[in-house]
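Only the coordinates and a few stated rules stand behind these numbers; no lab work does. Keep in mind the model is a prediction, meaning the values are calculated, not measured. Note: ideal-geometry Cβ built from the backbone for every residue, glycine included; neighbour counts use all protein chains shown.
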Amino acid sequence: MINVTSTHLPNIKKYQKYVEQIFASKKVTNYGPLVRELEEKLRDYLGVKNVVLVANGTVALEIAYRTLDLKGFAITTPFSFVATTSSLVTNGLLPIFADIDPKTLNINPQNIEELISPNTSAIVATHVFGNPCDIEAMEAIAKKHKLKLIYDGAHTFGATYKGENIASYGDITTLSFHATKLFHTIEGGALIINDDALAQKARYLINFGIENTESIPHLGTNAKMNEFEAAMGLCVLDELGTIFDARKKVYERYLQELEGFVEFQLRDKETTPNYNYMPVLFESEEQLLRVQKALNKEDIFPRRYFYPSLDTLSYIEPKQCMPISRDISRRILCLPIYVELSLEMQTQIIEIVKDNI
Ligand SMILES: Cc1ncc(COP(=O)(O)O)c(C=O)c1O
């Protein structure tokens, strides 16, 4: 069976060494030495000021909203994974959708300003498939209207914009280190925060709001990463070179072979991709379904991602309709891309796609 992705598991002996270290110290969680080491290594790798490791990318978003004291409405993208929207709702914020650009697949800044009201406290935007939003335009709008700017950077690990890691932009960028991501900690995530005081606040919030043994001044939760997860991250981090090289080959071959058959996301020229996803756009949903069925018949399972468009979620009131996001989500499919995907397997996928267009 070929899935849209396959978790990259690092050298087992290296992981076992870390496990032995954990058993010897009996330090399994609560901001242990491996979490600290991973934070430091990620800070260097990403070239950012503060990395706060957490249990997953969804709680990273929730902690970001609470760190920034968001209230009322947040303008957000309808074309993202459900967690971008559901995390707002579970934190008492109303998502106000701004439709996307049909080429870059990111929130269109031109649609944002008209939606801003006195109740708006933030913009929550996703760098879709690691392709950066229009960062300059977003920053200008946030500054002009004194809004907080949060980026869901779940897909951005390792991607850069104008030479800087994409995670360094905005008030807070959140990352997901789920096993399906190219860099992973089994389950996990992070907040990237430039402001030191806010980073400290986030650290309290992920540990029940406790500041010290005498004082619990914040309404916190438990969102900590554990040592076994950090150990996985340390091992995967060492293999990033191999991971990027292998994925790049698969990615570039898809681009070359499927050119003219499908449409690709328009990527910003100032960005280096990270090859985390291979999204392709079909002419129609019928065409997509035909290709998907043919692939499934051969035990190949691409993923309709993101689908459905988040403005169709039943629990969002008032109802909003985002035609571009709805259209794109009906026509987009992420093809299998991962380190171990062989040339033969990829050839089979490419042939089936071409034959069913
Ligand atoms: C854009 C986006 N945001 C948030 C998440 C949630 O991350 P996690 O699965 O680590 O909770 C994902 C997960 O795939 C995602 O793709």
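Scattering from the stretch 75-181 was approximated by placing one identical point on each alpha carbon and applying the Debye formula without solvent; log10 I(q)/I(0) at 0.18, 0.20 1/Å stands at -0.84, -1.04.
For the stretch 287-357, the C-alpha radius of gyration divided by 2.2 N^0.38 Å, with N the number of residues, is 1.37.
Dividing the convex hull volume of the alpha-carbon atoms in the stretch 55-103 by its residue count gives 77 Å³ per residue.
In the stretch 240-355, the alpha-carbon atoms span a convex hull of 141 Å³ per residue. Summing charges over neighbours of Tyr31, with a neighbour being any other residue whose Cβ is under 11 Å away from its Cβ, gives +2 when K and R count +1 and D and E count -1. Only lysines eight or more places from Lys297 in sequence, or on another chain, were considered; those with a Cα closer than 25 Å are Lys354. Over the chain, the reciprocal of the mean inverse Cα-Cα separation, the Kirkwood hydrodynamic radius, stands at 21.0 Å. Counting pairs of alpha carbon atoms under 8 Å apart in space and at least six apart in sequence, what relative contact order in percent does the stretch 240-355 give? Taking the mean separation of contacting Cα pairs over the length of the stretch 240-355, I get 36 percent. Comparing Cα centroids, the stretch 1-30 and the stretch 94-122 end up 40 angstrom apart. Charged neighbours of Gln348, selected by a Cβ distance under 14 Å, balance to -3 (K, R count +1; D, E count -1). This ranking places Thr85, Thr77, Thr272 by how few other beta-carbon atoms lie within 10 Å of each, fewest first, which gives Thr272, Thr85, Thr77. Charged neighbours of Asn274, selected by a Cβ distance under 10 Å, balance to +3 (K, R count +1; D, E count -1). Distance between the 7 Å Cα→Cβ label points at Tyr305 and Gln200: 3.9 nm. Shown here: the stretch 1-124, whose C-alpha atoms stretch 57, 40, 28 Å along the first, second and third principal axes, sorted largest to smallest. Here the convex hull built on the C-alpha positions of the stretch 160-283 has a volume of 148 cubic angstrom per residue.
Do you know the relative contact order of the chain, to the nearest whole percent, from alpha carbon pairs under 8 angstrom that are 6+ apart?
Values: 709 pairs, mean separation 83.0, N = 357.
Relative contact order here is 23 percent.
Compute, for the chain, the length of the dipole vector about the Cα centre, with Cβ point charges of +1 (Lys, Arg) and -1 (Asp, Glu) only. Units Debye, rounded to 20.
Value, rounded to 20: 480 debye.
Rounded to the nearest 500, the helix-only mean residue ellipticity at 222 nm of the chain stands at -11500 deg cm²/dmol, with each DSSP H run of n ≥ 4 adding -39,500 (n - 2.57). Using every pair of separate Cα atoms, the Kirkwood estimate puts the hydrodynamic radius of the stretch 275-325 at 13.1 angstrom. Annotation: peptides 205-215, 337-347, ranked by per-residue average of other Cβ atoms within 10 Å with the highest first, follow the order 337-347, 205-215.
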